[in-house]
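The values are calculated or read from the model by the stated rules, or taken from the named source; none is laboratory data. No experiment lies behind these values; they were computed from the predicted model shown. For neighbour counting, all protein chains shown are included, and Cβ atoms are generated from backbone atoms with ideal geometry for every residue, glycine included.
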Amino acid sequence: MQTRKLGPFTTSCIGFGCMNITGGYGRTSAADAITVLQTAFDVGYRFFDTAALYGYGESEELVGKALKGQRHDILLASKCGLQRDKQGQRELNGRPERIKQVCEQSLKLLQTDVIDLYYLHRVDPNVPIEESVGAMADLIQAGKIRSIGLSEISSEQLIRGHKEHPITAVQSEYSLWSRTPEVAVFDVCDELNIAFVPFSPLTRGFLTGQYRDHSQFDETDLRAKMPRFSEQNLPKNLALLPEYNAIANKVGCTPAQLALAWVLAERNQSMLPIPGTKHLNYVKENALAAEVSLDETTRAQLNNLINESSVVGERYSAQQMSTTDSEQEKQRLSA
Ligand SMILES: NC(=O)c1ccc[n+]([C@@H]2O[C@H](COP(=O)([O-])OP(=O)(O)OC[C@H]3O[C@@H](n4cnc5c(N)ncnc54)[C@H](OP(=O)(O)O)[C@@H]3O)[C@@H](O)[C@H]2O)c1
């Protein structure tokens with residue numbers, strides 16, 4: 001696969017999202033997850049994205065098992081700040097001592113001495129970002145991580161975090177239908193030379209056309225409560241697909257590849273999307289998106305067809321842990 005620069009690293013231009021192998025949108029067995037991860041390596045992914053949150057350690061454990069032999073050939077990214085607490089509940093905690101503890105657990109599960117790119121998964125509203133980033137800077141000093149990333153961050157928090165220690169990458173949702181980083185975060189990334197890693201670049205599967213009915217999502221599926229996939233909104237959003245599919249046909253790629261090619265074509269080589277899947281055929285199909293190039297006319301057509309205004313529903317519901325530094329930023333800027 002073609003490569004791109006990500007801070008001091010050079011890696012595959014498409015990374016592999018390792019949330020899906022342990023849930024989010026349904027489950028797969030540990031054995032199948034390992035096969036998926038090894039196949040991803042075989043077909044050219046060299047950038048693997050996991051987190052302490054995913055499967056509460058199970059994703060990191062599977063990545064450790066599957067890619068132990070390839071550790072020196074991959075860019076390994078994980079995340080702290082969101083994890084399971086002692087009572088087994090989901091915890092948002094960006095305190096320095098907790099970040100360091102979680103990192104030790106992740107290193108064990110990943111079967112490695114050092115994590116290449118370590119993100120703060122979400123800013124803890126009770127902890128100044130300087131303290132969380134400061135703890136991560138200590139981890140660099142201790143040789144436990146190589147670089148720092150921030151996830152779902154506002155431009156303001158990004159600038160503050162970067163002052164404490166240089167930030168290598170921002171990871172936030174970005175796709176044809178989720179454009180919030182265009183408001184201000186991209187400008188800061190450009191100015192500070194920070195790479196951008198778009199998560200959910202396949203619109204959580206929507207643009208692939210595989211999800212045509214709300215009843216396809218069981219209660220453990222994150223999309224069950226996402227407004228864009230609701231019973232009312234999904235049919236309205238699906239009306240965008242015939243024209244979208246016609247563009248994919250014209251380009252000569254699949255709908256999933258078109259979604260990834262659009263992200264790859266944005267912002268001058270500094271985007272490294274991380275699609276996730278638990279299916280071997282999708283692992284290969286998505287990797288081939290690196291070969292698809294889009295001309296200006298096609299990109300303009302896509303931008304006109306699918307954007308935050310043409311889509312019905314917010315990306316998160318009020319109950320979901322939305323984050324929302326970036327959402328607040330958007331509201332503030334558009335107020
Ligand atoms: N930092 C954060 O807060 C954050 C949040 C969310 C995600 N992430 C990261 O980003 C990664 C990707 O995001 P995501 O999984 O939310 O969304 P995504 O990659 O946009 O979409 C994943 C969905 O698309 C389906 N899919 C994948 N390739 C396909 C293809 N070629 N054809 C048809 N369907 C396809 C998957 O199905 P199957 O799973 O059934 O194969 C899954 O349902 C995650 O794995 C995780 O590493 C980070």
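List of remarks:
- Scanning the range 55-69 turns up one or more residues that are of a type in the set (D, E, K, R), closer than 26 Å to residue 30 by Cβ and crowded, with 24+ Cβ neighbours inside 10 Å.
- Subset of the range 19-58 [part of a strand (DSSP E or B) and in contact with a helix residue (DSSP H, G or I) (Cβ under 8 Å, 6 or more places away or on another chain)]: 48
Here is a yes/no grid of residues against (1) under 16 Å from the mean Cα position of the chain (by Cα); (2) farther than 23 Å from residue 189 by Cβ; (3) within 15 Å of the ligand (Cβ to nearest atom):
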| residue | (1), (2), (3) |
| --- | --- |
| 12 | yes, no, yes |
| 21 | yes, yes, yes |
| 24 | yes, yes, yes |
| 29 | no, yes, yes |
| 32 | no, yes, yes |
| 35 | no, yes, yes |
| 54 | yes, yes, yes |
| 67 | no, yes, yes |
| 70 | no, yes, no |
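- Members of the range 3-20 that are closer than 19 Å to residue 205 by Cβ and modelled with pLDDT of 95 or more: 14, 15, 16, 17, 18, 19
- Restricting attention to the range 225-257, the residues that are assigned to a helix (DSSP H, G or I), among the hydrophobic types (A, V, I, L, M, F, W, C) and crowded, with 16+ Cβ neighbours inside 10 Å total 7.
- Residues in the range 178-220 that are surrounded by 15 or more Cβ atoms within 10 Å (Cβ to Cβ), over 17 Å from the mean Cα position of the chain (by Cα) and more than 8 Å from the ligand (Cβ to nearest atom): 6 in all.
- Lone qualifier among 123, 133, 170 - being in contact (Cβ under 8 Å) with a residue 24 or more places away in the chain and in a loop (DSSP other than H, G, I, E, B): 123
- The range 254-268 residues that are in contact (Cβ under 8 Å) with a residue 12 or more places away in the chain and on the phi > 0 side of the Ramachandran plot, paired with ones that are more than 10 Å from the ligand (Cβ to nearest atom) and among the aromatic types (Phe, Trp, Tyr) (beta carbon under 9 Å, 6 or more apart): 267/186; 267/196
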